[in-house]
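The values are calculated or read from the model by the stated rules, or taken from the named source; none is laboratory data. No experiment lies behind these values; they were computed from the predicted model shown. We place every Cβ from the backbone using ideal geometry, glycine too, and count neighbours over all the protein chains shown.
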């Protein structure tokens with residue numbers, strides 16, 4: 001498959017032109033570089049910087065990757081499995097050489113326990129908030145100060161099932177938050193027991209916090225976990241299972257010497273004596289200097305020389321990953337030749353129509369999932385490295401820049417020196433049937449933007465815009481997107497910023513029609529001719545719920561709102577769409593959309 005080209009000096013010059021016409025400038029690099037040095041990636045003039053921080057120097061590859069346990073129902077409700085899952089503060093050791101770290105976990109685990117569900121069999125979940133009165137991390141009370149009651153006791157949380165085709169009351173809206181024992185609730189709170197219909201293809205879903213203004217902090221503290229939806233058809237494919245199926249959530253963190261979590265606060269630049277910048281203050285993005293996989297720092301994964309199914313989830317706040325398995329010399333730390341290839345069988349919304357051998361690297365933005373097979377049979381006794389080549393401000397600066405080094409070493413893989421299976425078996429040519437949504441079926445074409453501005457403190461605000469207001473809306477502006485149930489729409493999303501953004505739509509899954517340069521895009525024209533667009537990468541086919549939009553680029557997706565060809569189901573009500581870089585989502589790159597009943601259906605004419 002074709003890999004999108006790296007950013008070049010010419011691309012950067014083009015982005016400077018974008019700045020001149022009012023597009024968003026590069027955000028300040030937040031968090032830690034690999035060597036703890038402060039970042040200097042051409043922030044806009046008034047953009048706050050971040051104090052340097054370096055995590056303790058930990059020995060790599062000490063601890064084995066843990067596998068999250070599977071949670072069992074606590075009983076039944078209306079004949080369906082019923083779960084009560086508590087959010088609690090716990091002490092958990094992230095590395096053998098560190099003291100226990102205070103984290104927040106679902107059922108006291110970071111990451112939370114895996115929920116396994118069956119397609120077509122609904123479940124109920126009550127997400128119980130048992131967190132302390134005070135937040136574990138610094139809270140910036142200037143974010144959405146008019147809509148958030150920062151003076152109430154307790155920590156606000158609300159859980160979103162990411163990728164779920166869910167009724168609006170159970171979607172985990174940003175303003176549907178609640179505190180301990182539901183003592184205080186947000187204006188969009190509707191019910192305690194969430195109902196998940198599971199009426200969608202089997203897929204790697206995940207659940208995580210979604211409380212307005214503090215999502216970045218709650219997820220960083222540990223509030224996330226896997227939700228695996230299965231069915232008989234997938235089992236009949238005889239994919240690796242049991243110990244040969246491994247969910248891996250990849251995150252980055254920064255740590256203090258005592259093992260506690262470090263999360264940065266932006267600091268004011270010298271502005272002629274103006275030190276009015278709030279403290280603590282939200283950072284534009286967060287990039288940690290310690291990889292944490294399934295809750296363990298710098299881990300190693302022991303495998304047999306056989307075929308494995310890895311369910312990869314990018315659960316980081318802001319970081320992209322560009323992944324490959326490489327040969328590795330543990331003694332010298334040198335990275336060698338290419339290792340076994342990924343064969344992608346699924347993405348956000350479930351199985352692809354056919355297996356996709358990944359040529360080169362696998363790109364995965366925040367919130368995205370990649371379901372891959374890896375055949376280790378030719379590597380018995382060898383050591384491999386899950387290697388990342390994505391720089392921090394992804395596709396937003398020179399990849400060779402010293403300040404945007406990737407976090408390259410994620411997981412060491414030990415392949416046992418034993419006889420593996422002689423034949424790992426062949427995958428079928430077809431995994432499942434993914435019905436295509438034809439372009440001609442579109443009832444409407446929406447022209448949307450990724451933009452930015454600065455607030456009264458000079459801080460960057462990332463925004464989502466509409467055709468009537470391309471400069472961007474705030475979260476609490478009136479709804480501008482109201483698709484009708486049963487309609488199909490094309491959403492063209494133009495990136496006027498200088499970095500990539502992973503864009504997520506709640507409720508629905510969509511199909512990518514293709515990409516085009518921003519310079520070739522005409523918002524006065526409705527309709528899309530896919531033949532004129534850059535084709536999706538093979539791993540972007542099928543059903544997506546997150547898609548990356550690169551700088552100076554337009555992506556075109558086609559979305560059906562409701563049941564389609566026997567998959568998904570009809571839902572109306574208010575949902576969210578947003579950037580899944582969580583610092584951006586918190587401030588202010590998130591907007592509601594509302595699916596309204598079909599007028600003809602309501603009148604009986606349809």
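When 360, 336, 346, 425 are checked against the criterion of being assigned to a loop (DSSP other than H, G, I, E, B) and either at pLDDT 95 or above or assigned by TED's automatic domain parsing to the domain that holds residue 290 (or both), a single residue qualifies: 360.
Tallying residues that are under 16 Å from residue 305 (Cα atoms) and in a loop (DSSP other than H, G, I, E, B) within the range 367-383 yields 4. When the range 213-251 is filtered for residues that are surrounded by fewer than 24 Cβ atoms within 10 Å (Cβ to Cβ) and assigned to a loop (DSSP other than H, G, I, E, B), the ones remaining, listed by number, are 231, 237, 238, 239, 240, 241. The listed residues are 161, 205, 223, and the only one of them that is farther than 29 Å from residue 142 by Cα and touching a residue at least 24 places away in the same chain (Cβ under 8 Å) turns out to be 205. Could you tell me whether any residue of the range 372-395 is outside the structural domain of residue 227 (by TED's automatic domain parsing), in contact with a helix residue (DSSP H, G or I) (Cβ under 8 Å, 6 or more places away or on another chain), farther than 16 Å from residue 239 by Cβ and surrounded by fewer than 20 Cβ atoms within 10 Å (Cβ to Cβ)? Scanning the range 372-395, I find no residue that is outside the structural domain of residue 227 (by TED's automatic domain parsing), in contact with a helix residue (DSSP H, G or I) (Cβ under 8 Å, 6 or more places away or on another chain), farther than 16 Å from residue 239 by Cβ and surrounded by fewer than 20 Cβ atoms within 10 Å (Cβ to Cβ), so the answer is no. When residue 131 is tested against (1) farther than 24 Å from residue 250 by Cβ; (2) touching a helix residue (DSSP H, G or I) at 6+ places or on another chain (Cβ under 6 Å), exactly one condition is not met: (2). Quick check on the range 125-138. Is at least one of its residues at pLDDT 95 or above, surrounded by 22 or more Cβ atoms within 10 Å (Cβ to Cβ), within 22 Å of the chain's Cα centre (by Cα) and more than 17 Å from residue 225 (Cα to Cα)? Looking through the range 125-138, none of the residues is at pLDDT 95 or above, surrounded by 22 or more Cβ atoms within 10 Å (Cβ to Cβ), within 22 Å of the chain's Cα centre (by Cα) and more than 17 Å from residue 225 (Cα to Cα). Could you please let me know if residue 573 is within 17 Å of residue 441 (Cα to Cα) and over 15 Å from the mean Cα position of the chain (by Cα)? For residue 573, the condition - within 17 Å of residue 441 (Cα to Cα) and over 15 Å from the mean Cα position of the chain (by Cα) - is not met. Would you confirm whether any residue within the range 169-182 is surrounded by fewer than 22 Cβ atoms within 10 Å (Cβ to Cβ), at pLDDT 95 or above, outside the structural domain of residue 294 (by TED's automatic domain parsing) and touching a helix residue (DSSP H, G or I) at 6+ places or on another chain (Cβ under 7 Å)? No, there is no match, as no residue in the range 169-182 is surrounded by fewer than 22 Cβ atoms within 10 Å (Cβ to Cβ), at pLDDT 95 or above, outside the structural domain of residue 294 (by TED's automatic domain parsing) and touching a helix residue (DSSP H, G or I) at 6+ places or on another chain (Cβ under 7 Å).
Here's the yes/no breakdown for (1) within 22 Å of residue 103 (Cβ to Cβ); (2) modelled with pLDDT of 95 or more:
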position	(1), (2)
46	no, no
51	no, no
59	yes, yes
69	yes, no
75	no, yes
79	no, yes
82	no, yes
90	yes, yes
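Report whether or not residue 514 is surrounded by fewer than 15 Cβ atoms within 10 Å (Cβ to Cβ), in contact with a strand residue (DSSP E or B) (Cβ under 9 Å, 6 or more places away or on another chain) and not assigned by TED's automatic domain parsing to the domain that holds residue 285. The answer is no for residue 514.
Of all residues in the range 239-260, at least one satisfies being farther than 30 Å from residue 95 by Cα and outside the structural domain of residue 137 (by TED's automatic domain parsing).
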